[in-house]
Amino acid sequence: EPVRCVLLLGEGNFSFAASLCGAAGTHVVATCYESEEEVSGRGRAAESIRRLRERGAEVVFSVDCTKLKDYFLPEKREFDCIYFNFPHCGRKAGVVKNRELLARFFHSSAEVLTEEGEVHVALCNGQGGTPADQPRREWHNSWQIVAVAAGAGFILSNVHPFKAETIHGYKCTGYRSQDKSFCVEGALNHIFTRSTPLLYFKPMTCKIELESQKVSFQVPQVLVDKINRGFLELNSNHPVRTVKEKLTAELSQAFPLQNIDDCLSLLHQGHLNGVCHSNIFWIILSPEETPSTEEVSNGLANAVLFSHVDFCRDTYKNGWVNVQEGCHISKQYYLRPSLLPYAQAIIQRGAFLPGTLHVLSGPVFRKCLITPYSMPVFHEMVFVCAVNRGTENSCIQMLVNNIKTSIHSLHQTVSGFKLNINLQEAMSFEKTELNDFAAFEFQVSKIQYFICVEIDNSGSCEKGSCVGIIRTAHYELVSSDLVVVFASLNLDLLAMLICGISDWRMLWTSDTRFLCQFPRGELRLFKSFSLYPPSYVHDVSFWVPDGEQFDEVA
């Protein structure tokens with residue numbers, strides 16, 4: 001097995017290093033800031049140094065923790081773990097100086113740590129400034145360790161008590177740069193790992209075939225890393241796909257079920273009655289050979305299909321596209337905000353079997369005010385079933401009961417406690433009580449019921465807990481005795497509620513520490529690998545031209 005290389009910094013008397021030395025498969029490099037002559041005079045230090053050397057450990061003196069790469073050859077700058085117990089600038093240094101020490105230490109550690117490595121920093125009670133400290137100091141009076149580490153690309157992935165009494169032979173020393181112990185009661189060990197680097201996405205062009213023409217469009221910047229992610233594909237282990245598969249399997253026990261395998265276009269055309277245009281990602285089309293670099297950021301836009309290869313640049317005024325001479329105007333296109341229009345199209349062209357539950361699923365896109373439970377893209381699952389007039393209510397009840405059973409089963413398996421799921425009539429809601437998912441569906445079509453998950457057991461439908469809608473519709477079908485029942489579920493919100501994921505953005509992360517928590521598509525309670533991230537609030541001002549209405553979403 002590969003040897004794990006451990007670096008210890010700021011050792012006072014080397015008693016901590018001596019306690020680690022000798023562990024199977026571990027090579028210890030123990031260092032201190034002082035010279036060997038200065039350290040050897042401390043109680044038990046000489047004995048610990050001797051034990052370390054006898055067991056094959058390296059002992060290095062006069063090491064500055066802020067310049068680590070200067071002490072190790074390039075081939076030896078690959079430590080799996082770095083320990084720094086109770087760092088301090090010495091004597092009566094204040095919090096600002098100690099923050100600066102930590103900041104330079106983390107930057108230095110990043111140069112000698114493996115990609116998957118850990119940095120362990122033990123601090124006295126209250127110093128770190130995280131909620132794990134009890135009592136917690138005021139932020140300005142703490143070492144602000146999470147924010148300081150973030151500056152060097154590290155995230156706090158775990159924190160637990162530093163139990164000095166369980167470390168054989170360990171004796172803390174160095175109080176105010178003296179050979180004196182200090183209080184370690186309530187001390188905490190903070191474990192940091194590397195964060196994924198902030199990605200800067202280049203503009204992305206999507207090529208599709210539309211109306212027998214090959215066209216392309218520029219993907220809105222906010223969606224560049226969310227197009228074609230393949231979460232619902234067969235080889236995916238993503239929890240969103242697992243939730244979809246479990247729901248489908250449960251419903252297939254009660255209904256004949258048919259998955260609609262048609263390749264559903266990302267683009268839709270025409271008007272969505274009642275929908276605010278600023279909630280839609282409008283798209284400008286161009287010939288594949290000359291993709292447009294323009295993007296409509298708000299308002300109503302006409303899609304443009306060019307009749308020749310020469311690129312015609314569009315100009316905008318008040319959200320409208322002014323198409324120059326030589327361009328051919330086609331229909332209005334936008335990224336699909338819902339799969340319901342595709343379900344309605346199936347019914348209208350008669351491509352359905354009465355009594356069979358038809359299932360469509362895929363990502364949909366909506367401009368919205370972004371919150372932890374409100375997202376500009378999510379995976380929608382739509383069920384469509386045509387039933388005999390008069391039996392639609394029993395169909396709805398059967399559908400909801402099976403959805404309830406499936407969600408209950410999934411959630412109890414994952415978390416061990418029960419989730420309350422209710423069917424609530426739409427008329428009992430004020431629009432302000434709805435999350436963005438439900439509010440948008442309310443615009444798209446008349447809704448009879450909302451499927452709500454009660455996460456606080458108070459009997460109320462909390463904002464963010466509406467995960468689905470149900471409606472019925474009458475169409476000119478082959479038989480006038482048939483009524484169509486539609487149901488729409490937000491798979492992303494369901495996955496979040498079932499797995500305890502507190503922010504939708506985590507579903508879209510490319511960090512392997514997310515997906516590795518769901519091996520082979522198993523659903524588990526998500527364990528955050530970034531604890532207590534700093535939160536910053538900023539004010540933003542906008543200049544709005546005279547006469548133009550301010551649109552907060554845009």
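Over the range 463-554, what percent of the accessible surface lies on carbon and sulfur atoms, probe 1.4 Å? Please list the in-between numbers first.
Working: 2830 of 5260 Å².
Whole-percent figure for carbon plus sulfur exposure: 54.
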Points 7 angstrom from Cα along the Cβ direction at Ala345 and Phe182: gap in nanometres? 6.8 nm
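Leaving out ligands, DNA and RNA, and with a 1.4 Å probe, what % of the accessible surface on the range 175-254 is carbon or sulfur? Present the calculation step by step, with values, prior to reporting the outcome.
Details: 2210 of 4580 Å².
On the range 175-254, the fraction of accessible area on carbon and sulfur atoms equals 48 percent.
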Distance in nm between label sites at Lys202 and Lys67, each 7 Å beyond Cα in the beta-carbon direction? 4.0 nm
How far, in nm, would the chain grow between Glu47 and Lys171 when pulled straight, counting 0.36 nm per residue and subtracting the alpha carbon separation? 43.3 nm
Count the net charge of all other residues whose Cβ sits under 12 Å from the Cβ of Lys244, scoring Lys and Arg as +1 and Asp and Glu as -1. -3
Subtracting the Cα-Cα distance of Lys163 and Thr413 from 0.36 nm times their residue separation yields 86.6 nm
Label Lys214 and Asn189 with points 7 Å out from Cα along Cα→Cβ: what is the distance between them in nm? 5.9 nm
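Going by average Cβ density within 10 Å per residue, which order do the peptides 230-236, 161-167 take, highest to lowest? Before the final figure, lay out each step's value.
Details: 230-236: 12.1, 161-167: 13.9.
Order by mean packing, descending: 161-167, 230-236.
Between rounded, prolate and oblate, where does the range 484-554 land on the alpha carbon gyration tensor, with a ≥ b ≥ c its root eigenvalues, rounded for a/c under 1.5, else prolate if a/b exceeds b/c? The partial results should precede the final answer.
Details: a/c = 3.55, a/b = 1.54, b/c = 2.31.
It is oblate, given that a/c is not under 1.5 and a/b is not larger than b/c.
Hey, with R₀ at 51 Å, roughly what FRET efficiency would Glu54 and Ser252 work out to, going by the Cβ-Cβ distance, to 0.05? Before the final figure, lay out each step's value.
On the way: r = 67 Å, r/R0 = 1.31.
For R0 = 51 Å, the calculated efficiency reads 0.15.
The values are calculated or read from the model by the stated rules, or taken from the named source; none is laboratory data. Here the structure is a predicted model, which means the values were calculated and not measured. Note that we place each Cβ from the backbone using ideal geometry, even for glycine, and neighbour counts take in every protein chain shown. For accessibility, only protein heavy atoms count, side chains too; no ligands or nucleic acids. Shrake-Rupley method; radii C 1.70, N 1.55, O 1.52, S 1.80 Å.
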